[in-house]
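The numbers here are math on the coordinates, done by the rules we state, and not lab data. Note that the structure is a prediction, hence the values are computed from the model and not measured. Cβ coordinates were reconstructed from backbone atoms using ideal geometry, including for glycine residues, and neighbour counts include every protein chain displayed.
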Amino acid sequence: MIDLERSLTELADRVEIPGGEWLAADVMRRIAAPSPRTPRHALRLAGVVALILLVLAIALPGPRRAVARWLGFDSVRIEPSVPVPGTSAEATTVVADPVVTTAAVPQPALDLGDAVSIDDAMTRTGLPDPSPILLGTPLSVHVVRPPDSGQIVVVYPPSDLVPESGVTGAGAIVSVMPANI
């Protein structure tokens with residue numbers, strides 16, 4: 001370090017800097033003065049770190065599950081596996097208002113209350129028919145509360161398209177509920 005200092009001192013003696021008298025004083029003043037941008041820089045840095053952590057929490061499965069558990073969403077599982085097309089007016093007429101299933105088809109282990117017709121469910125709740133055409137004829141249709149206005153739950157049997165659930169025994173469960181609960 002002493003060699004560097006000596007070299008710089010020798011260089012300063014040989015180089016002529018116009019206005020050199022005030023240059024050294026100006027540099028020393030700037031070094032000693034607190035930077036006015038320090039708080040903004042710290043806030044900006046904190047924002048970048050928070051953004052990086054948020055992206056990692058969303059992108060990586062482990063942190064995403066941990067955040068979901070903290071927010072109380074750990075029991076919700078959404079798995080995209082079967083594309084379900086939208087419903088249409090034809091779906092209602094093709095399904096032909098199923099009420100209760102036949103005894104030949106095993107009933108899933110669900111406690112959804114009494115089965116009703118799709119028309120009755122739509123009348124009771126004011127909600128549209130959630131029955132996808134692709135899943136065929138449902139096993140049963142139920143009106144479930146909450147919410148107070150009700151939701152329509154349609155249970156479908158296992159098929160080649162949707163295998164039997166080890167939890168419910170059903171192939172698929174489709175529900176529609178009001179968005180303004």
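Peptide packing for 158-169, 131-142 was compared via the average number of neighbouring C-beta atoms within 10 Å per residue; ordered from the highest value, the list is 131-142, 158-169. Maximal additional length on extending the ALA68-ASP120 stretch stands at 15.1 nm, based on 0.36 nm per residue less the C-alpha distance.
Between the beta carbons of HIS41 and ASP3, assuming R0 = 41 Å, the FRET efficiency works out to 0.75 to the nearest 0.05. Distant-in-sequence amide contacts of ALA172, defined by a placed amide H-H separation under 5 Å and a gap of 5 or more residues or a different chain, comprise TYR156.
Extending 7 Å from Cα along the Cβ direction at LEU60 and again at ASP13 yields two label points whose distance is 5.8 nm. Each residue of the stretch 124-138 was assigned a 3J(HN,Hα) from its phi angle through the Karplus curve 6.51 cos²θ - 1.76 cosθ + 1.60 (θ = phi - 60°); the sequence is 5, 9, x, 9, x, 5, x, 6, x, 4, 4, 7, x, 7, x Hz, with glycine and proline shown as x.
With the highest mean first, a sort of the peptides 64-70, 40-46, 149-155 on other beta-carbon atoms found within 10 angstrom per residue produces 149-155, 64-70, 40-46.
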